[in-house]
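Below is one structure, written out as structure tokens, with a few remarks after it.
The values are calculated or read from the model by the stated rules, or taken from the named source; none is laboratory data. In this text the structure is predicted, and so the values were computed from the model without any measurement. Reconstructed Cβ throughout: ideal geometry from the backbone, glycine too, with neighbour counts over all protein chains shown.
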Number of protein chains: 2
Amino acid sequence: MPRRENISMSVIRRLPRYYRFLTHLKQKGVTRISSTELSVKLGLTASQIRQDLNCFGGFGQQGYGYIVDQLCDEIGNILGLSNEYKAILIGAGNLGRAIASHMSFDDEGFRLVGIFDSSPSKTGTRINGQIVRDTVELEDFCQKEQPTMAVLCIPRDGVHTVIERLYNLGVRNYWNFSHYDIAMKYDDTVVENVHLNDSLMTLCYRISNPSQK
Amino acid sequence: MPRRENISMSVIRRLPRYYRFLTHLKQKGVTRISSTELSVKLGLTASQIRQDLNCFGGFGQQGYGYIVDQLCDEIGNILGLSNEYKAILIGAGNLGRAIASHMSFDDEGFRLVGIFDSSPSKTGTRINGQIVRDTVELEDFCQKEQPTMAVLCIPRDGVHTVIERLYNLGVRNYWNFSHYDIAMKYDDTVVENVHLNDSLMTLCYRISNPSQK
């Protein structure tokens, strides 16, 4: 039985990287990998990887390594990638369109069931075959579809009212590209923030301060 | 004189958040903020903020708080946001187009001087008024423009050869949306990775394991 108590966020954040790398190996037809080889390719120590996987019960055998296919599936299960959580996306601007068409939600545990925007120039258009709905339909849609997660691709100023509506509709999980601090307002939500500006500014700092790389 | 030695990445990664929040206050016309108020709004302790800012020489006065405008400018300077580093973007697919049109490079220390793609269906089109060039022009362009940074919005499999060309052209700084591990191959590069898939998978894990929020 996997042990799953008090696992640190830094361990959890390494899991997608393992999963991604193992999927890549699988696609290349690699069937087995030693912990040393895996660690070199991932830029981690073999003991770090063992420790991480031990949090979930441990995999692989001493001196035998890992069976790629099996480890990949196990990590996918730990991540919960087969859950197909219903997701909706709010904001069909440049970023929203890119996220809706670029990301493979199906491979990462979600199913994108609805795309919303409030601008008449966007509603009615299609992204990857899916129609962009008017945000006035949000209540009806959510009551019927009961989405688990919402992707927020709207500017900070618009988030406040949308969040309130989504929260009242029972949506508690957010993939947040806006700069609005959702978890600060609602402490019973699960929020993954993607702050592209922060990442770009951090890069600027690191370029400007080469000794701090 | 600001002290700037061995500042931890976790401090550095909080700076853009301070900057973002202070810019927002500035836009709202707020001129002064107490360290307590700042800490509440940012979800950090006042002592944490003081400690962070002390790494750079300290700002604000005991019992007086921070002058928003001044602190914002100081943090902008620390981040190096006025540098206007020349940047190029490779890959004008959905994500590349969104990044090129959605991001305010100018506000984050960069100037987007060129966009490249190898697909004939994309070259010659325009994004935000800028023409998408053929990647065959990369050498000529970089020798002339000497960009400091490259944004990589191409699939993992295409990165290997592009990186080799960019590295040979002297580009050492990357904002990397691909899954290719650049720093592993070239250890004298500065790389900010944005792994959208990893973020989405982490969210899936956190939804699937509510006790681990």
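Applying the criterion of being out of contact with any Phe, Trp or Tyr (no Cβ under 9 Å at 6 or more places or on another chain) and of a type in the set (Asp, Glu) to the residues of the range B:61-107, the residue that is nearest to the other protein chains (Cβ to nearest Cβ) is B:ASP107. Checked against the criterion of being at pLDDT 95 or above and either surrounded by fewer than 15 Cβ atoms within 10 Å (Cβ to Cβ) or more than 27 Å from A:ALA98 (Cα to Cα) (or both), the range B:189-201 has at least one qualifying residue.
Could you say whether any residue in the range B:77-88 is modelled with pLDDT of 90 or more and either farther than 30 Å from B:LYS144 by Cα or out of contact with any helix residue (DSSP H, G or I) (no Cβ under 8 Å at 6 or more places or on another chain) (or both)? Quick ask: steps written out before the conclusion?
To start, the set of residues in the range B:77-88 that are modelled with pLDDT of 90 or more comprises B:77-88.
Filter again for either farther than 30 Å from B:LYS144 by Cα or out of contact with any helix residue (DSSP H, G or I) (no Cβ under 8 Å at 6 or more places or on another chain) (or both), leaving B:77.
Checked the range B:77-88: at least one residue is modelled with pLDDT of 90 or more and either farther than 30 Å from B:LYS144 by Cα or out of contact with any helix residue (DSSP H, G or I) (no Cβ under 8 Å at 6 or more places or on another chain) (or both).
Restricted to the range A:44-66, and to residues there that are in a loop (DSSP other than H, G, I, E, B) and under 14 Å from A:ILE7 (Cβ atoms), the residue that is modelled with the lowest pLDDT is A:GLY58. Annotation note: Cβ proximity below 7 Å between a residue of the range B:63-83 that is over 11 Å from B:LEU15 (Cβ atoms) and a residue that is of a type in the set (D, E, K, R) and assigned to a helix (DSSP H, G or I) (sequence gap 6+ or interchain) occurs for B:VAL68/B:LYS26; B:ASP69/B:LYS26; B:CYS72/B:LYS26.
State whether the residues of the range A:111-134 include one that is buried (at least 20 other Cβ atoms within 10 Å of the Cβ) and either facing another protein chain (nearest Cβ under 9 Å) or part of a helix (DSSP H, G or I) (or both). For the range A:111-134, residues buried (at least 20 other Cβ atoms within 10 Å of the Cβ) and either facing another protein chain (nearest Cβ under 9 Å) or part of a helix (DSSP H, G or I) (or both): absent.
If you go through the range B:15-34 one residue at a time, how many are surrounded by fewer than 14 Cβ atoms within 10 Å (Cβ to Cβ) and not aliphatic (A, V, I, L, M)? Give the derivation first.
Restricting attention to the range B:15-34, the residues satisfying the condition of being surrounded by fewer than 14 Cβ atoms within 10 Å (Cβ to Cβ) are B:27-31.
With the extra rule that they be not aliphatic (A, V, I, L, M), the set shrinks to B:27-29, B:31.
Residues meeting the conditions: 4.
Screening A:SER104 with (1) within 15 Å of the chain's Cα centre (by Cα); (2) surrounded by 22 or more Cβ atoms within 10 Å (Cβ to Cβ) gives one miss only, at (2).
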